[in-house]
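The values are calculated or read from the model by the stated rules, or taken from the named source; none is laboratory data. In this text the structure is predicted, and so the values were computed from the model without any measurement. Counting neighbours? That spans all protein chains shown, and the Cβs are built from the backbone with ideal geometry, glycine included.
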Amino acid sequence: MKTITTGKVKTVYDAGEGKAIIEFRDDITAGDGAKKEAKEGKGSINAEISARLLRFLEEKGVKTHLKEFVRPNKFLVTKVEIIPVEVILRNIATGSLVRRFPFEEGSELNPPIVEFGYKNDDYHDPMLNNDIALALGLCTRDDLTVMRRLALKVNDLLKEFFFERGILLVDFKLEFGKTHEGEIILADEISPDTCRFWDSETREVMDKDRFRKDMGSVIEFYSEVRRRVLS
Ligand code: UDP
């Protein structure tokens, strides 16, 4: 199969007939790829978590790229043109938000904050406003409106899904793609690599911050997220 892109942690292959295969590798990176390691089993853990979450969202009426989870670590997906805009949802202030603005670490954000970022490692994924996104030709004004609406819906659904499993959905990043017919659907993954998860009771970190901040037990916590997501 022809490789379409080799990303930092996933490889995308052309499967023909408007479809693609996404392979979740065991690599884990932070700081725009500056820090990089392989953690055995991470690819399959993230694939399984993402498959369950994307299926849950589909059941709730959110269209996604996932057609089939090919165990242990591949997705058969609808091939889409990824919109180079990362949509970030925040329910609790942490990470880059508290580095850039005077929010108190760990404080609740109600209503949640939606942020757009330019998906471009060379520029370190800078925050976008609507005018910059349009001037760069990344998407249309309507696309931004649709992505914002879908991201808020996904947040409502996932917040409850995780709450029922003893996990606070702190923040997360979504990517959307355009189908051949021009429809915007949810793409990429939803996993401990792309979300912040805190245990509801202890506020223990259960996501990629364990790798970013050298907290250890990365795979153990990813596995615990998988256990709860599948429960
Ligand atoms: N995120 C991501 N990919 C990115 C940027 C952010 O998956 O390129 C996720 C990140 O894991 C977190 C949320 O989006 O769940 C918000 O990240 P933040 O802006 O706080 O960035 P960071 O502190 O990781 O630099």
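Taking the options I219, I167, I184, name whichever one is aliphatic (A, V, I, L, M), more than 14 Å from the ligand (Cβ to nearest atom) and in contact with a strand residue (DSSP E or B) (Cβ under 8 Å, 6 or more places away or on another chain).
Exactly one residue qualifies, and that residue is I184.
Exactly one condition in (1) over 18 Å from the mean Cα position of the chain (by Cα); (2) within 12 Å of the ligand (Cβ to nearest atom); (3) at positive phi is not met by F103; state its number.
(3)
Strands (runs of 3 or more DSSP E) wholly in segment 26-81 with at least 2 residues that are within 16 Å of the ligand (Cβ to nearest atom) and surrounded by 13 or more Cβ atoms within 10 Å (Cβ to Cβ) - which ones?
On the way: elements: 27-30, 35-38, 66-70, 74-78.
Correct list: 27-30.
Could you list all residues from segment 174-231 that are among the acidic types (D, E), surrounded by fewer than 21 Cβ atoms within 10 Å (Cβ to Cβ) and not in a helix (DSSP H, G or I)?
So in segment 174-231, the residues among the acidic types (D, E) come out as 175, 181, 183, 188-189, 193, 199, 201, 204, 207, 209, 214, 220, 224.
Next, only the ones that are surrounded by fewer than 21 Cβ atoms within 10 Å (Cβ to Cβ) stay: 175, 181, 183, 199, 201, 204, 209, 214, 220, 224.
Matches in segment 174-231: E175, E181, E183, D199, E201, E204, D214.
Please tell me if E86 is within 16 Å of the ligand (Cβ to nearest atom) and exposed (fewer than 15 other Cβ atoms within 10 Å of the Cβ). Give the steps one after another, and end with the answer.
Details: within 16 Å of the ligand (Cβ to nearest atom): yes; exposed (fewer than 15 other Cβ atoms within 10 Å of the Cβ): no.
Considered against the rule, which asks whether it is within 16 Å of the ligand (Cβ to nearest atom) and exposed (fewer than 15 other Cβ atoms within 10 Å of the Cβ), E86 comes out as no.
Which pairs turn up if I take residues in segment 170-198 that are over 25 Å from K42 (Cα atoms) and look for partners that are polar (S, T, N, Q) and near the ligand (Cβ under 9 Å from one of its atoms) with beta carbon separation below 7 Å, at least 6 apart in sequence or on another chain?
none
Could you pull out the residue among D156, D171 that is farther than 29 Å from G16 by Cβ, assigned to a helix (DSSP H, G or I) and at pLDDT 95 or above? Give the steps one after another, and end with the answer.
Numbers: D171 fails: assigned to a helix (DSSP H, G or I).
One residue alone meets the criteria, D156.
Cβ-Cβ distance below 7 Å, separation of 6 or more or different chains: which pairs start in segment 8-23 with a residue that is in a strand (DSSP E or B) and end on one that is at pLDDT below 95?
So the pair list comes out as Y13/M1; D14/M1; A15/M1; I21/M1.
Looking at (1) within 11 Å of the ligand (Cβ to nearest atom); (2) over 30 Å from T5 (Cβ atoms), which is the one condition that is false for P111?
If we test P111 against (1) within 11 Å of the ligand (Cβ to nearest atom); (2) over 30 Å from T5 (Cβ atoms), just (1) comes out false.
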